[in-house]
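A quick write-up on the structure given underneath.
The values are calculated or read from the model by the stated rules, or taken from the named source; none is laboratory data. Every value quoted in this text rests on a predicted model; they were computed, and no experiment measured them. Counting neighbours? That spans all protein chains shown, and the Cβs are built from the backbone with ideal geometry, glycine included. The protein model used for the area step is the full one, side chains on, heavy atoms only, and it has no ligands, DNA or RNA in it. Shrake-Rupley method; radii C 1.70, N 1.55, O 1.52, S 1.80 Å.
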Amino acid sequence: MNTTKNTIIFALSLIVFTNCKAQNTTIMNKNITIDQKVDSLLALMTIEEKVGQMNQYNGFWDVTGPAPEGGSAEQKYEHLRKGLVGSMLSVRGVKEVRAVQKIAVEETRLGIPLIIGFDVIHGYKTLSPIPLAEAASWDLEAIKTSASVAAAEASASGINWTFAPMVDIGRDPRWGRVMEGAGEDPFLGSKIAVARVQGFQGDDLAAPNTIAACAKHFAAYGFAEAGKEYNTVDIGTSTLHNIVLPPFKAAVDTGVRTLMNSFNELNGVPVTGSSYLQRDILKGKWNFKGFVLSDWASIFEMISWGHAKDKREAAKIAATAGSDMDMEGNVYVQELAQLVKDGVVEEAIIDDAVKRILRVKFELGLFEDPFRYCDEEREKETIGNPAHHEAVLDMAKKSIVLLKNENQLLPLKKEGQKIALMGDLADDKSSPLGSWRIASDDETGVSVLEGMQAYKGNTLTYVRGAEVATEQTTFLKEVPLNTTDTSGFAEAVRVAKTVDVVVMVLGEYGFQSGEGRSRTDLQLPGVQQELLEAVYKANPNIVLVLNNGRPLAITWADENIPSIVEAWQLGTQTGNAVAQVLYGDYNPSGKLPMTFPRNVGQVPIYYNYKNTGRPIDKDDNVFWSHYSDVENTPLYPFGHGLSYTNFSYSDLEINGNTFALEDDVNVSVNVTNTGTIDGKEVVQLYIRDLVGSITRPVKELKGFELVEIKAGETKTINFTLNKETLGFYNNNGDFIIEPGDFKVFVGGSSITALETDFVLE
Ligand code: NOJ
């Protein structure tokens with residue numbers, strides 16, 4: 001290194017160092033780039049301090065994983081003081097964050113501020129619908145707004161980094177974490193990933209009301225075998241590149257600052273130790289400049305996987321593979337510095353990780369003011385303010401999916417009706433909050449009962465009927481789903497006979513889905529199905545409202561119950577949103593982001609499957625791809641959702657028949673609201689690439705538009721297909737586009753109304 005360069009770096013180091021400790025504004029000198037500041041700070045750090053930046057500890061209150069090996073509170077405080085901690089998670093509230101930040105800034109040698117992470121999954125205290133529900137809105141603006149509300153509340157509470165969005169594609173509803181993602185489709189999932197990252201991060205990461213986002217879990221966690229949590233993942237390259245990775249790439253392309261890897265192995269290698277994923281693809285091909293966080297102790301867990309023999313080896317593998325920060329694993333902080341001193345791990349690997357972490361801290365403005373997220377006044381004003389309640393109510397209404405509506409049972413008449421409201425979940429104020437709500441307080445959701453009570457024109461009688469389970473599950477503990485108590489049935493049946501309509505709220509408690517909540521049975525838990533059938537015998541005029549965090553197999557209900565509303569877990573404003581939809585003050589427009597199976601044996605079931613060599617029963621014998629005991633179709637397909645009005649599709653047109661590979665293909669379609677009330681429709685465009693060097697799915701979503709159409713009105717909707725949407729990844733992970741015949745389908749679900757075709761030459 002030449003002397004001039006050395007002098008500059010030394011001078012910069014002094015500027016950063018002095019200001020870092022003193023926290024004045026010189027460090028924000030516009031003439032020094034963030035990379036220069038990072039380099040100069042790095043030059044001052046010992047190897048222990050560098051490794052400290054790569055260490056993340058959980059706070060002292062909320063726990064979101066198994067107890068770590070070591071890592072007592074005393075040790076955490078001691079390490080904080082020594083500058084051996086770069087980040088903390090699950091420390092929340094201005095008071096608590098300020099306390100740990102003060103230690104980092106005032107007591108450590110270099111005074112480098114902590115980055116404070118938290119699982120802000122669907123809101124902070126004022127909760128939005130669970131992410132799967134939000135995805136059902138297909139409303140990217142609303143989803144972005146919802147994330148920005150979450151960011152506003154979290155940042156007012158001292159947090160500057162969320163572990164969201166989860167962009168794992170989920171095809172298996174047995175896996176409890178499908179509630180946390182955007183469903184089964186990589187195209188919709190990518191759009192939602194972008195919207196959520198933009199919502200959290202805003203235009204300016206240093207603004208006090210924005211936070212860094214974290215796309216997780218990199219990668220393929222959603223493909224856990226048999227939907228069993230934390231299980232092995234073994235998928236082919238085509239699924240990896242075409243289904244799993246696109247939402248991560250979309251998040252990276254939109255500037256997500258961090259990624260979290262996952263607990264699973266992928267084809268024999270725990271992803272935390274996968275150089276292929278983290279170095280070759282993420283930091284190589286995609287040129288990702290942010291940092292990668294491990295999942296909770298996932299570096300340590302490579303020992304249980306049988307991929308590392310001890311902590312030392314786990315640290316070596318993970319750091320070399322590109323895992324930059326160790327979440328609550330106590331592995332890096334114990335092993336990495338020595339590994340570098342022993343010449344086993346190159347210091348350049350550590351430097352690269354630390355630079356990535358420091359860069360994000362600079363971008364968040366933490367060096368300028370480590371307490372910029374610690375303003376008690378703002379905390380008081382921001383959390384739970386009325387505008388946030390309005391926003392989550394809006395999001396909640398948009399997330400509701402009308403699955404079935406016969407006999408005009410919905411919307412409910414507002415006057416002169418006798419209505420019975422039934423089900424344990426109907427007066428539950430906690431379950432609507434769903435899983436991942438650790439900053440909110442129990443019992444703070446508006447129950448469906450409360451929402452319905454706001455409509456005074458009818459007589460409303462509430463009857464519980466049956467519990468969902470013997471006790472409520474909690475975030476940490478599950479309870480057996482073995483209730484047999486049917487003692488409330490008689491009263492439910494008696495009341496059902498006296499009313500015009502029965503609204504039954506059935507489904508899952510809020511913590512029956514989420515992390516660690518895999519299920520092998522997708523029917524209504526407990527005795528709820530029996531209750532439904534008993535009440536149906538007494539009065540078939542039933543509106544079934546589902547509260548759940550995953551697709552359920554409700555085949556009997558679909559065959560018998562006239563109206564079914566998928567209301568998921570809609571967050572703080574659940575009851576108001578449900579009541580407004582049931583009474584027709586809001587016309588539902590949600591569409592399913594995940595296929596609903598007829599029974600659990602069909603799982604994984606998804607719309608973009610491969611044709612197989614034997615797709616149909618050509619010769620009326622058994623030799624075709626099917627099950628013998630159930631129809632070959634889903635109960636409700638991906639993209640399905642009704643409205644209180646009807647839409648018809650016509651005039652599907654393409655601007656030509658043959659196109660060059662580089663051309664845009666313009667598609668238009670007319671959509672008419674044929675009913676008598678205004679409504680919104682998600683117009684969906686799918687393609688099929690008929691012949692490919694890698695076989696292509698029977699349908700792939702490649703465009704959608706949420707449009708408002710007035711009663712009687714027709715709108716023309718335009719889509720453009722291009723090489724980005726017509727191409728795919730080959731088995732080397734290269735994006736290619738091939739000439740050939742394509743079909744185009746357009747409609748209001750993946751069972752589309754219209755079809756046409758074109759040729760790429
Ligand atoms: C484990 C989960 O898999 C991850 O999504 C979460 O962010 C961390 N725990 C921290 O709570």
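Please indicate, with yes or no, whether at least one residue in the range 485-502 is modelled with pLDDT under 95 and open to solvent by 10 Å² or more (accessible area, probe 1.4 Å).
No, the range 485-502 contains no residue that is modelled with pLDDT under 95 and open to solvent by 10 Å² or more (accessible area, probe 1.4 Å).
State yes or no: is GLY639 within 31 Å of the chain's Cα centre (by Cα), in a loop (DSSP other than H, G, I, E, B) and in contact (Cβ under 8 Å) with a residue 60 or more places away in the chain?
Yes, satisfied.
Report yes if ILE15 is modelled with pLDDT under 95, of a type in the set (A, V, I, L, M, F, W, C), in a helix (DSSP H, G or I) and touching a Cys at 6+ places or on another chain (Cβ under 7 Å), otherwise no.
Criteria not met by ILE15.
LEU652 versus (1) part of a loop (DSSP other than H, G, I, E, B); (2) of a type in the set (A, V, I, L, M, F, W, C); (3) over 28 Å from the mean Cα position of the chain (by Cα): which is the lone unmet condition?
Here LEU652 meets the rest and fails (1).
Suppose we keep only residues that are touching a Phe, Trp or Tyr at 6+ places or on another chain (Cβ under 6 Å) and within 16 Å of the ligand (Cβ to nearest atom) within the range 229-244. Which one would you say is most open to solvent (accessible area, probe 1.4 Å)?
Per the criteria, the residue is TYR230.
Of all residues being under 24 Å from PHE728 (Cα atoms) and of a type outside the set (D, E, K, R) in the range 169-187, which is most open to solvent (accessible area, probe 1.4 Å)? Just the residue, please.
Top of the filtered list is PHE187.
Just checking, how many residues over the range 152-187 are within 16 Å of the ligand (Cβ to nearest atom) and part of a helix (DSSP H, G or I)?
6
What residue, among those in the range 294-335 that are among the aliphatic types (A, V, I, L, M) and not in a helix (DSSP H, G or I), is surrounded by the fewest Cβ atoms within 10 Å (Cβ to Cβ)?
Applying the filter and picking the extreme gives ALA308.
Taking SER304 and the conditions (1) within 16 Å of the ligand (Cβ to nearest atom); (2) out of contact with any strand residue (DSSP E or B) (no Cβ under 8 Å at 6 or more places or on another chain); (3) in contact (Cβ under 8 Å) with a residue 12 or more places away in the chain, which numbered condition does it fall short on, given that it satisfies the others?
Just one mismatch for SER304, condition (3).
Please go through the range 394-408 and give me each residue that is open to solvent by 10 Å² or more (accessible area, probe 1.4 Å) and assigned to a strand (DSSP E or B), ordered by number.
Those that are open to solvent by 10 Å² or more (accessible area, probe 1.4 Å) and assigned to a strand (DSSP E or B): LYS404, ASN405.
Residues GLY227, GLY183, GLY199, GLY255: which one is of a type outside the set (Ser, Thr, Tyr), at pLDDT 95 or above, more than 27 Å from ALA297 (Cβ to Cβ) and over 14 Å from the mean Cα position of the chain (by Cα)?
GLY255
What is the residue count in the range 78-103 for residues that are within 27 Å of ILE349 (Cα to Cα) and part of a helix (DSSP H, G or I)?
Looking only at that region, the number is 5.
What pairs come up if the first residue lies in the range 44-70 and is open to solvent by 50 Å² or more (accessible area, probe 1.4 Å), the second is near the ligand (Cβ under 10 Å from one of its atoms) and not aliphatic (A, V, I, L, M), and their beta carbons are under 8 Å apart, counting only those six or more places apart or on different chains?
What qualifies is TRP61/SER90; VAL63/SER90; PRO66/TRP296.
Could you count how many residues in the range 431-443 are open to solvent by 10 Å² or more (accessible area, probe 1.4 Å) and touching a helix residue (DSSP H, G or I) at 6+ places or on another chain (Cβ under 7 Å)?
Residues that pass the stated criteria total 1.
Find the residue count for the range 245-265, including only residues that are more than 16 Å from the ligand (Cβ to nearest atom) and either of a type outside the set (Ser, Thr, Tyr) or in a helix (DSSP H, G or I) (or both).
The total comes to 7.
Could you tell me whether the range 88-105 includes any residue that is under 20 Å from SER148 (Cβ atoms) and within 16 Å of the ligand (Cβ to nearest atom)?
Scanning the range 88-105 turns up at least one residue that is under 20 Å from SER148 (Cβ atoms) and within 16 Å of the ligand (Cβ to nearest atom).
Per-residue answers, yes or no, for (1) surrounded by fewer than 18 Cβ atoms within 10 Å (Cβ to Cβ); (2) within 14 Å of the ligand (Cβ to nearest atom); (3) closer than 27 Å to SER693 by Cβ:
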position	(1), (2), (3)
GLY189	no, no, yes
ILE192	no, no, no
ALA206	yes, no, no
THR210	no, no, no
ALA219	no, yes, yes
ALA224	no, yes, no
ASN267	yes, no, yes
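Can you name the strands (runs of 3 or more DSSP E) wholly within the range 663-761 that have at least 3 residues being modelled with pLDDT of 95 or more and within 30 Å of ASP585 (Cβ to Cβ)?
The strands (runs of 3 or more DSSP E) meeting that bar are 665-673, 679-689, 700-709, 714-721.
Consider the range 319-331. How many of its residues are touching a strand residue (DSSP E or B) at 6+ places or on another chain (Cβ under 8 Å) and away from the ligand (no atom under 16 Å from the Cβ)?
1
Could you figure out which of (1) in contact with a helix residue (DSSP H, G or I) (Cβ under 8 Å, 6 or more places away or on another chain); (2) of a type in the set (Gly, Ala, Ser); (3) in a strand (DSSP E or B) isn't true of GLY117?
(1)
Taking the range 450-477 only, how many residues are under 12 Å from PRO525 (Cβ atoms) and surrounded by fewer than 16 Cβ atoms within 10 Å (Cβ to Cβ)?
Selection size over the range 450-477: 1.
Applying the selection to the range 127-164, what residues are more than 17 Å from LEU393 (Cβ to Cβ) and more than 13 Å from the chain's Cα centre (by Cα)?
Correct list: TRP138, LEU140, ALA151, ALA154, SER155, ALA156, SER157, GLY158, ILE159, ASN160, TRP161.
Give the range 120-150 a look and list any residue that's within 16 Å of the ligand (Cβ to nearest atom) and either out of contact with any Lys or Arg (no Cβ under 9 Å at 6 or more places or on another chain) or of a type in the set (A, V, I, L, M, F, W, C) (or both), or say none.
Of everything in the range 120-150, those that are within 16 Å of the ligand (Cβ to nearest atom) and either out of contact with any Lys or Arg (no Cβ under 9 Å at 6 or more places or on another chain) or of a type in the set (A, V, I, L, M, F, W, C) (or both) turn out to be VAL120, ILE121, ILE130, LEU132, ALA147, ALA150.
Could you list, in sequence order, the residues of the range 151-193 that are within 30 Å of GLU379 (Cβ to Cβ) and among the polar types (S, T, N, Q)?
Listed by number, the residues that qualify are SER155, SER157, ASN160, THR162.
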